[in-house]
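Chemist: Before we start, here is the structure in question, set down as structure tokens.
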Amino acid sequence: MKENELRVGIGEVQVKQGDQILVAYGVGSCVVIILYDEEKRIGGLAHCLLPSGNKNSLKYPKGAIEEIIRQMSIFGVRKNRIVAKIVGGATMFNGFERHAIGRRNIKRAREELEKHNIPVIAEDVFGTWGRSIFFNILNGEVRINSYRHGNKIL
Amino acid sequence: MIDAKRLTPEQLDALREVANIGSGHAATSLSQLMGKKVMVRVPKILTGPLEEVILKIADPNDVVVSVLLYFLGDLTGRTLLLYPFEEAQELTTLLMPTVQDNVTEVQESLLKEVSNILSCSYMNSLGELLGLLILPSVPGMIVDMVGAVLSSVVLEFGREKDFIFCVETEFDFGDAGKPLSAFFLLLPDTTSLEAILKKLNLEK
């Protein structure tokens, strides 16, 4: 892991400014929500497990998005400057899914972002493969690495 | 309802023993199939939040060949076999040294079948020991990052969403100079965990 890389584990949220890369490894049915203010070069990444649950927590899109917006506002970011990218929501074992967690995660993430009027400018979602996500806050670039489908830039 | 977070040392011991018997039978099957000695490590019970358990098994970025089966009947849950990518290749070469055409397709089918045999002999011995009927599904297989595989399997089927209870057994099938291993994970549903402990008369 490089010096300026910071790992965001499952159910965690990180918000940073400048020369930082936020990383989420091995994302399957989980959803990664990335919020970014290009002008101030401030970005946040959430690694959510499930569409919703009993408590309002960082494990679910609702709580995670609220937390990123809150932390970004401490840096002086206005909500109408924020854009979003969504990655993940795969169905790893085709034919074995029972609750379609991946699909529901993506649906929920889109809905929650819409409530905040945050536009989703790019997505790499669904499919049957895992992804590792590298979000470069300096230029807003999101690099997606997957074992079966190589590299992709969002 | 049993709380997997608060199992007593006696209950954990009993579960380890059950896993030991299951994996012992599975190792015997693998050994017969390969005509080689297969060793089993003492099973480990892994409990905790999803992220923590994944890190205990491997780096989430590591590529593994994973085979999933679910079982129904008196016990419900999943078994997941994880072979680090290189070991999977090695294992197929050991089992079928002369493969030439369609290597990946044949290898895939072979690994599925091996995993099927391992899982079924594991579950059969558990069923016999506990006097319970366990029916396994057909296997599903993917090659991908271990973090993505594990988190998705647990979230898609688990009830206690971010808390995992799983029994891990490591198989060693390498020669003295070349250690090879695979991981067998047993992920019973909470109700099945209860049923196992009840059969063992260790219910609180």
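The values are calculated or read from the model by the stated rules, or taken from the named source; none is laboratory data. This is a predicted model, so every value here is computed, not measured. Ideal geometry is used to build each Cβ from the backbone, glycine not excepted, and the neighbour counts take in all protein chains shown. In case anyone asks, the SASA skips ligands and DNA or RNA and just uses the protein heavy atoms, side chains included. Shrake-Rupley method; radii C 1.70, N 1.55, O 1.52, S 1.80 Å.
Chemist: How far, in nm, would the chain grow between residue A:121 and residue A:55 when pulled straight, counting 0.36 nm per residue and subtracting the alpha carbon separation?
Modeler: Gain in length upon complete extension: 20.9 nm.
Chemist: Straight-line reach from residue B:5: which lysines fall under 21 Å, measuring Cα to Cα and dropping same-chain residues less than 8 apart?
Modeler: Once the sequence-local lysines are set aside, what remains near residue B:5 is A:55, A:59, B:44, B:56, B:161, B:198, B:199, B:204.
Chemist: Then there is this: Expressed as a rounded percentage, what relative contact order does chain B have, with Cα pairs under 8 Å and six or more residues apart?
Modeler: Numbers: 336 pairs, mean separation 71.0, N = 204.
Relative contact order of chain B: 35 percent.
Chemist: Here's another thing I want to ask about it. How large is the accessible surface per residue of chain A, computed with a 1.4 Å probe and reported in Å² as a whole number?
Modeler: 45 Å²
Chemist: Ok, one more. For the protein assembly as shown, list log₁₀ I(q)/I(0) at each q in 0.07 Å⁻¹, using the Debye formula over Cα point scatterers of equal strength and ignoring solvent, two decimals each.
Modeler: -0.33
Chemist: From zero outward in steps of 5 Å, how is the percent of C-alpha pairs of chain A spread across the bins?
Modeler: Per 5 Å bin, starting at 0, the Cα pair percentages come out as 2, 10, 21, 24, 22, 13, 6, 2, 0, 0.
Chemist: Please name whichever of B:49, B:185, B:133 sits farthest to the positive end of the charge dipole of region B:4-199, dipole taken about the Cα centre and charges placed at Cβ: Lys and Arg +1, Asp and Glu -1.
Modeler: B:133
Chemist: Also: From the C-alpha coordinates alone, can you work out the Kirkwood hydrodynamic radius of region A:110-154, in Å?
Modeler: 12.0 Å is the Kirkwood radius here.
Chemist: Rolling a 1.4 Å sphere over the protein heavy atoms, what is the accessible area per residue of chain B, to the nearest Å²?
Modeler: On a per-residue basis, 44 Å².
Chemist: Could you compute how much accessible area chains B and A hide from each other, both sides summed, with a 1.4 Å probe? Nearest 100 Å² is fine.
Modeler: When B and A are taken together, about 2500 Å² of accessible area is lost.
Chemist: I'd like the mean, over residues of A:87-94, of how many other protein chain beta carbons sit within 10 Å of each residue's own Cβ.
Modeler: Shielding by partners across A:87-94 averages 5.
Chemist: If you average 1/r across every pair of different Cα atoms in chain B and take the reciprocal, what Kirkwood value do you get, in Å?
Modeler: Working: mean 1/r = 0.0581 Å⁻¹.
When all Cα pairs of chain B are included, the Kirkwood radius is 17.2 Å.
Chemist: If you build the Cα gyration tensor of region B:56-124 and take the root of 5 times each eigenvalue, what three semi-axes come out, in whole angstrom, biggest first?
Modeler: For region B:56-124, the semi-axes come out at 24, 17, 9 Å.
Chemist: Enter the mean number of other protein chain beta carbons within 10 Å of the beta carbon of each residue in A:43-53, as an integer. Let's see the in-between values first.
Modeler: On the way: counts 0, 0, 0, 0, 2, 0, 7, 3, 0, 0, 2.
Mean partner shielding for this stretch: 1.
Chemist: If you find the alpha carbon centre of region B:1-71 and of region A:48-94, how far apart are they in angstrom?
Modeler: Centre-to-centre distance over Cα atoms comes out at 33 Å.
Chemist: Ignoring any ligand, DNA or RNA, what whole percent of the accessible area of the protein assembly as shown comes from carbon and sulfur when the probe is 1.4 angstrom?
Modeler: That fraction is 48 percent.
Chemist: Rank B:115, A:106, A:147 by how far each Cα sits towards the positive end of the charge dipole of the protein assembly as shown (+1 on Lys, Arg Cβ; -1 on Asp, Glu Cβ) and give me just the farthest.
Modeler: A:106
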